[in-house]
Amino acid sequence: MIKNICCIGAGYVGGPTMAVIAKNCPELNINVIDINENRIAQWNQNNLDQLPVFEPGLEDIIKKCRGKNLHFSTNLKDKISEADMVFISVNTPTKTRGIGAGQASDLRWIESSARTIAKYAKGETIIVEKSTLPVRTAITIKEILYSSIREKSTCEFHILSNPEFLSEGTAINDLQNPDRVLIGGESEAAIEKLANIYSNWVESEKIIRTNLWSSELSKLAANAFLAQRVSSINSI
């Protein structure tokens, strides 16, 4: 049973996503963590007009949930060790150097997050990809996790892909009323645990279950269609 959720990355995706989950699942304890102390300070400040992310409706949710079942912290060690489920929601910018510069995604923050989880996680932990990632990134995360925990035989990890489909300016509505929630994984039990969280406010027919590769590829395909539509509109 999932009781504690941790999200690595207090940015545009991580903050709003965890806020909406906290609003709809008051029984869950949710911690958003980041190594950026200034960003965490912004999420914790009293003036909600100065939150690091502006999205209509976000301020009201933060006011309602923060300090109750939604917390923002730089304490990676304790929050990861307490978590039953860890979301990875960090930046994946385009590489600026080396092989694939200007085209490929820079996965250093993803890899760093995986190593941090391997270092502090305890027992059985579900890892959820929430960033936009190349296909098969889940395999890389899995390899990092298990290569880093040889001395921690009590740890067990399940990797899920749960891509976001958010638009700037409508992110809270997109999260509250999604047209679909996509969950990909190898463990049916882990998939159902995440699906059960979303089922608190999302209709069951909108929660789509698939495998890891299909989930990762679906996000990239959606981005490609969007880019093509924008390109065609601009050309016309």
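The values are calculated or read from the model by the stated rules, or taken from the named source; none is laboratory data. Computed from a predicted structure; not experimentally measured. Backbone-built Cβ (ideal geometry, glycine too); neighbour counts: all protein chains shown. All accessible areas refer to the heavy atoms of the entire protein, side chains included, with ligands and DNA or RNA removed. Shrake-Rupley method; radii C 1.70, N 1.55, O 1.52, S 1.80 Å.
What does the highest-first list of 48-54, 109-115, 9-15 look like by mean Cβ count within 10 Å?
9-15, 109-115, 48-54
Going 7 Å from the Cα of E124 along its beta-carbon direction, which residues of region 178-222 have the amide nitrogen within less than 17 Å of the resulting point?
185-197
Of the cross-linked pairs K64/K206; K68/K193; K119/K193; K77/K193, which ones have a Cα-Cα span greater than 25 Å in the structure shown? Intermediate values should be presented prior to the final figure.
Working: K64/K206 27 Å; K68/K193 22 Å; K119/K193 23 Å; K77/K193 23 Å.
In this structure, K64/K206 lie more than 25 Å apart at Cα.
Given points 7 Å out from each Cα along the Cα-Cβ axis, report the R180 to D60 separation in nanometres with one decimal.
Taking the two extended label points, one gets 2.9 nm.
Please compute, for the alpha-carbon atoms of region 155-201, the extent along each of the three principal axes and give them in descending order in Å.
Dimensions of region 155-201 along the principal axes of its Cα atoms: 39, 19, 17 Å.
Quick one: if you stick a label point 7 Å off each Cα along the C-beta vector at R136 and K68, how many nm between them?
In this crude label model, R136 to K68 measures out at 4.6 nm.
Can you give the accessible area per residue of region 168-236, in Å², using a 1.4 Å probe? Before the final figure, lay out the partial values.
Values: 4180 Å² over 69 residues.
Result: 61 Å² per residue.
Put +1 on the Cβ of every Lys and Arg and -1 on every Asp and Glu Cβ in the chain; which of G57, L175, V86 then has its Cα farthest towards the positive end of the dipole?
Positive-end residue among those listed: V86.
How many angstrom separate the Cα center of region 168-210 from the Cα center of region 2-25?
Using only Cα atoms, the two centres lie 13 Å from each other.
Which percent of the accessible heavy-atom area of region 1-58 goes to carbon and sulfur, probe 1.4 angstrom? Walk me through the numbers on the way to the answer.
On the way: 1200 of 2540 Å².
For region 1-58, the apolar C and S fraction of the accessible surface comes to 47 percent.
In a solvent-free Debye calculation with one equal scatterer on each Cα, what is log10 I(q)/I(0) for the chain at q = 0.12, 0.13 Å⁻¹, listed in the order of the q values?
Normalising to I(0) and taking log10 leaves -0.66, -0.78.
By the gyration tensor of its Cα atoms, with a ≥ b ≥ c the square roots of the eigenvalues, what is the shape of region 164-236: rounded for a/c under 1.5, prolate for a/b over b/c, or oblate? Intermediate results must be reported in sequence, preceding the final value.
Numbers: a/c = 3.49, a/b = 1.63, b/c = 2.14.
Oblate, because a/c is 1.5 or more while a/b does not exceed b/c.
Using all Cα-Cα distances in region 108-216, what percent lands in each 10 angstrom bin from 0 up to the longest?
The calculated distribution, bin by bin, is 14, 42, 32, 10, 1.
Viscosity 0.890 mPa s, temperature 25 °C: what is the translational diffusion coefficient of region 17-73 from Stokes-Einstein with a Kirkwood Rh over Cα pairs, rounded to a whole number of µm²/s?
Values: Rh = 11.4 Å.
D = 215 µm²/s.
Tell me the label-point distance for the pair F225, D78, using the 7 Å Cα-to-Cβ offset, in nm and rounded to one decimal.
4.5 nm
Taking K79 as the anchor, which aspartates and glutamates have their alpha carbon closer than 19 Å to its alpha carbon, excluding any fewer than eight residues away along the same chain?
By straight Cα distance, K79 reaches E27, D34, E37, E111, E124, E129, E156.
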